[in-house]
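> There's a structure below that I have some questions on.
Laboratory data are not the source of any read-out in this text; all were calculated from the coordinates shown. Fair warning: this is a prediction, and the values are worked out from it, not measured in the lab. With ideal geometry, Cβ positions are generated from the backbone for all residues, glycine too; neighbour counts draw on all protein chains shown.
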Amino acid sequence: MIARLRGMGCAHPTEVCIKFDEVAQYVIDRKLGKQITRGEAREIIKQSEEDGLVHFVDNAIGDIKHNCNCCGCACWNVGSIKRRKIPRDALMATYFIRKTDTDECTGCGECVEACPVDAITMEGDFPMVDEDWCIGCGVCVDKCSSEAAKLKLRPDKRGQLPISNFRELHERILSEGGACK
Amino acid sequence: METKDIYTQLADHLSTLGMGYPPNEDLEEILRANFSPLEAKVALAIPTRVIPLQPAGIDEIISTVNLPRAKLEDILEDLSQRGLLYSGNTVNGGKGYALQQVGFSFPQTFFWKGEDAPHARNMANLVAKYFNRKVTQKAYATETKAFRYIPVGKTIEPDIQAVYPYHMMEALSRKQPYSLYAIALVA
C-alpha cells in the first residue's frame with residue numbers, strides 16, 4: 001500500500017496479509033480488515049503461490065499469529081533484498097536454500113524469471129543460485145516444470161529450528177535485548 | 001533541567017520494545033502526526049518490556065499516569081480505534097492495551113484498511129522516509145529473528161516434510177487450529 005499510495009505500486013495482489021486468532025479479532029473489531037473463513041485463508045495462500053508471492057510467518061513452530069505474502073516489487077522486506085539494499089539474513093530467518101539437480105534440469109530458465117529476489121542467473125546451460133541472496137522461499141521450485149529445482153535445509157542452519165511458540169520467541173528476543181539494544 | 005519534548009520521550013520509550021522503533025527525528029514526525037501531547041503521555045504509561053500482543057490492564061497503566069480513570073479509558077480506546085494501540089484481553093481476562101511493535105502492526109495499521117485518504121498518503125510518505133535502509137536494518141536487528149520465510153506448497157523434499165512439517169506453508173494452513181481468520185492489505 002505504501003508503494004501504491006506513493007504512485008509506485010505493482011500489479012501483485014495486496015489483500016494478502018492474514019491474521020489469526022486474537023490478532024484477527026483486533027483487526028476485525030477495529031475495522032482494519034475483515035473476517036474470512038479458514039477456506040478463504042487457504043485460497044488466498046494458494047492464489048499467492050500462483051502469483052509467485054513469498055510467504056512469511058512468525059519465526060515460531062506453533063501459535064503463529066501472522067502470515068504475509070509478498071512480492072519483490074513493492075514489499076519492504078523482499079524488495080529490500082531484491083534490490084540488494086539489506087543483507088538477506090539481516091531481516092528474517094531463512095532456513096532453506098535452492099539447489100539444482102543438473103541431471104533433471106532442462107535449462108528452460110523459468111526459475112530465473114520466477115525468483116522474487118533475482119538470485120538466479122543462467123550460467124551456460126544451467127541456472128546458478130546466488131546463495132548469499134536466496135531466501136529459500138520455494139517460488140522457483142513451484143514453477144520448475146522438470147522438478148530439477150529443490151529446496152534443501154541451509155547447511156549453516158542445520159540444527160537451528162524456529163522457536164516452539166510465539167511467547168517463547170518474543171521472550172527470547174526481549175532477553176537478548178530487543179532490536180534497538 | 002530541560003525536559004525532553006514529549007515526542008522525543010515517546011520515541012525513546014518505543015525504542016525499548018522487543019521489536020522497538022529506532023528513534024530519530026523522522027519517527028518523531030510520525031508520532032507528532034498521530035498522537036496529541038496528552039495521547040503521547042498516555043502511550044508513555046504503557047509498558048514496553050512485554051511481548052507483542054500482551055496488553056496491560058487499566059489498573060497497571062493508570063498507576064503511572066495522572067489522569068482520571070474515565071478520561072484515560074476514553075483516550076486508550078480512541079487510540080486503539082485509530083490503530084495506534086493494540087487492544088485485547090489481559091492475562092486476567094480484563095480489557096487491556098499494548099503499544100504496537102515493529103513488524104506486527106507498526107507501521108502496518110496505517111495501511112491495513114487500504115484507504116487512499118490524505119492521512120494514509122501522508123503516512124506513506126513519512127513511513128517511507130523513516131524506514132530507510134539503516135532504520136529498517138536496525139528495526140529487525142534482533143539476534144533471534146521475529147519472522148521467517150516459509151516455503152510455498154510442497155516444495156521441500158518428502159523426508160524434510162515428514163520431519164519438519166512446520167516448514168511447509170501448506171501444512172501450517174491446513175493443520176493449525178485457528179479459531180478466527182482475518183485479512184488485511186499489506187503495508
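> What list of ³J(HN,Hα) values in whole Hz, one per residue of the stretch B:87-99 in order, does the Karplus curve 6.51 cos²θ - 1.76 cosθ + 1.60 (θ = phi - 60°) give from phi, with Gly and Pro shown as x?
Along the stretch B:87-99, the couplings run 9, x, 7, 6, 4, 8, x, x, 6, x, 9, 9, 5 Hz.
> Starting at the first residue of the stretch A:174-181, write each ³J(HN,Hα) from the Karplus equation 6.51 cos²θ - 1.76 cosθ + 1.60 with θ = phi - 60°, in whole Hz, x for Gly and Pro.
5, 5, 7, x, x, 6, 9, 4
> Beta carbons within 10 angstrom, averaged per residue: use that to sort the peptides B:95-106, A:128-139, B:40-51, highest first.
For the peptides B:95-106, A:128-139, B:40-51, the packing ranking is B:95-106, A:128-139, B:40-51.
> I would also like to ask the following. Taking other Cβ within 10 Å of each residue's Cβ, how do B:TYR164, B:TYR21 sort, fewest first?
Neighbour counts put them in this order, fewest first: B:TYR164, B:TYR21.
> Next question, about the same structure. How far apart, in nm, are the 7 Å Cα→Cβ label points at B:LYS134 and A:THR37?
5.1 nm
> I need the phi-derived Karplus couplings for the stretch A:120-134: 6.51 cos²θ - 1.76 cosθ + 1.60, θ = phi - 60°, integer Hz, Gly and Pro marked x.
Ordered by residue, 3J(HN,Hα) equals 10, 10, 7, 10, x, 8, 10, x, 10, 9, 7, 6, 7, 10, 4 Hz.
> A:ALA149's amide H: which non-local residues (gap 5+, or another chain) put their own amide H closer than 5 Å, with H modeled 1.01 Å from N in plane and none for Pro or chain starts?
Correct list: A:ASP101.
> Ok, one more. Under the definition of partner shielding as Cβ atoms of other protein chains within 10 Å of a residue Cβ, what is the mean value for peptide A:144-154?
Numbers: counts 1, 0, 0, 0, 0, 1, 4, 7, 3, 6, 0.
Average neighbour count from other chains, rounded to a whole number: 2.
> Sequence neighbours fewer than 8 away in the same chain don't count; with that in mind, list the lysines whose C-alpha is under 19 Å from A:LYS85.
Of all the lysines, those that pass the test against A:LYS85 - Cα under 19 Å, at least 8 places apart if same chain - are B:LYS129, B:LYS134, B:LYS138, B:LYS145.
> Arrange B:ARG32, A:ARG98 by Cβ neighbour counts within 10 Å, fewest through most, would you?
Ranking B:ARG32, A:ARG98 by Cβ neighbours within 10 Å, fewest first, gives B:ARG32, A:ARG98.
> Considering every residue in B:152-162, what mean count of other chain Cβ atoms within 10 Å of its Cβ is obtained?
Per residue, the average neighbour count from other chains is 6.
> Starting from the Cα of B:ASN24, move 7 Å in the Cα-to-Cβ direction to define the label point; list residues of the stretch A:142-181 whose amide nitrogen is under 15 Å from there.
Correct set: A:180.
> Same structure, new question: Take the Cβ-Cβ distance between B:TYR178 and B:ASP78 as r, set R0 to 25 Å, and report the resulting FRET efficiency rounded to the nearest 0.05.
Efficiency for this residue pair is about 0.30.
> Please compute the modelled spin-label separation between A:GLU113 and A:ASP29, points set 7 Å along Cα→Cβ, answer in nm with one decimal.
Going from the A:ASP29 label point to the A:GLU113 one covers 4.7 nm.
> Just to verify a number: FRET efficiency for A:ASP132 and B:LEU38, C-beta to C-beta distance, R0 = 51 Å, to 0.05?
0.55
> How do B:HIS167, A:HIS66 line up, fewest other C-beta atoms within 10 Å first?
Taking fewest neighbouring Cβ atoms as first place, the list is A:HIS66, B:HIS167.
> OK, next. Taking the Cα of B:LYS71, stepping 7 Å toward and past its beta carbon, and measuring to each backbone N in the stretch B:1-24: which are under 18 Å?
Once the point is set 7 Å along Cα→Cβ of B:LYS71, B:6 turn out to lie under 18 Å by backbone N, inside the stretch B:1-24.
> What would the Debye formula give as log10 I(q)/I(0) at q = 0.07, 0.08, 0.09, 0.15 Å⁻¹ for the alpha-carbon point model of the protein assembly as shown, no solvent?
The Cα Debye sum returns log10 ratios of -0.31, -0.40, -0.50, -1.35.
> By the scheme Lys and Arg +1, Asp and Glu -1, what is the net charge of all other residues having a beta-carbon under 12 Å from that of B:ASP159? Before the final figure, lay out each step's value.
Values: positive: A:LYS150, A:LYS152; negative: B:GLU157.
With Lys, Arg at +1 and Asp, Glu at -1, the net is +1.
> Next question. Please list the non-local residues whose amide H lies under 5 Å from the amide H of A:ALA93, H modeled 1.01 Å from N, same-chain partners needing a gap of 5 or more.
Those lying under 5 Å, H to H, from A:ALA93 are B:PHE147, B:ARG148, B:TYR149.
> Specify the residue with the greatest mean-square fluctuation among A:VAL54, A:VAL117, A:VAL27, computed from a Gaussian network of chain A linking alpha-carbon atoms under 10 Å apart.
Residue with maximal mean-square fluctuation among A:VAL54, A:VAL117, A:VAL27: A:VAL27.
> Sticking with this structure for a sec: For chain B, set up a GNM with springs between Cα atoms under 10 Å and report which of B:THR155, B:THR109, B:THR64 has the largest fluctuation.
Highest fluctuation of the listed residues: B:THR155.
> So for each of A:68-74, A:80-86 I average, over its residues, the number of other beta carbons within 10 Å; can you give me the resulting order with the highest mean first?
Averaged packing, sorted descending, gives the order A:68-74, A:80-86.
> Also, quick follow-up: Taking the Cα centre of each part, how many Å lie between the stretch A:114-181 and the stretch A:21-83?
17 Å
> Next question, about the same structure. Among B:ASP159, B:ASP59, B:ASP26, whose mean-square fluctuation peaks in a Gaussian network model of chain B (Cα, cutoff 10 Å)?
Ranking B:ASP159, B:ASP59, B:ASP26 by mean-square fluctuation puts B:ASP159 first.
> Check B:LEU85: other-chain or 5+ apart residues with amide H under 5 Å from its amide H, H built from backbone geometry?
Amide H to amide H, under 5 Å and 5 or more residues apart or across chains, B:LEU85 pairs with B:SER80.
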